[in-house]
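Participant: Handing you a structure now.
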Amino acid sequence: MHYDSRPATLFHSQRVGELMVQVVKEALDQSTCHDRSKTESPEVEVFDDFTPKLKTRTYGSDLQGLPRRHGRRSEASLGK
């Protein structure tokens with residue numbers, strides 16, 4: 001008797017595709033919620049305060065000199 005792997009392979013491929021669609025949908029949903037949270041209190045106040053200050057900095061530069069408001073900076077985040 002000859003085994004034909006195609007039906008099982010196609011079934012597997014379809015299942016993987018369905019699972020990938022779920023992952024992508026969840027990622028898109030979370031990104032929308034994450035971005036939306038930046039427009040509401042308390043995050044909008046932090047963004048309004050720090051965005052102009054950060055625009056004067058280069059990515060990866062030292063954050064020394066920025067105020068430690070809002071409890072956002074820690075020694076661990078600075079690599080100390």
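The values are calculated or read from the model by the stated rules, or taken from the named source; none is laboratory data. Here the structure is a predicted model, which is why all the values come from computation and not from measurement. Ideal geometry is used to build each Cβ from the backbone, glycine not excepted, and the neighbour counts take in all protein chains shown.
Participant: What residue, among those in region 4-47 that are outside any helix (DSSP H, G or I) and at pLDDT 95 or above, is nearest to Leu66 (Cα to Cα)?
Facilitator: Top of the filtered list is Ser5.
Participant: So, one more: Filter region 19-50 down to residues that are acidic (Asp, Glu) and exposed (fewer than 10 other Cβ atoms within 10 Å of the Cβ) and give me whichever is nearest to the chain's Cα centre (by Cα).
Facilitator: First pass over region 19-50, keeping only residues acidic (Asp, Glu): 26, 29, 35, 40, 43, 45, 48-49.
Narrowing further to those that are exposed (fewer than 10 other Cβ atoms within 10 Å of the Cβ): 35, 40, 48.
Numbers: Asp35: 9, Glu40: 18, Asp48: 20 Å.
Ranking the candidates gives Asp35 first.
Participant: Restricting the first residue to region 40-52 and requiring it to be of a type in the set (Phe, Trp, Tyr), which pairs with a second residue that is assigned to a helix (DSSP H, G or I) meet a Cβ separation below 9 Å and a spacing of at least six or different chains?
Facilitator: Once the first residue is of a type in the set (Phe, Trp, Tyr) and sits in region 40-52, its partners that are assigned to a helix (DSSP H, G or I) give Phe50/Arg69; Phe50/His70.
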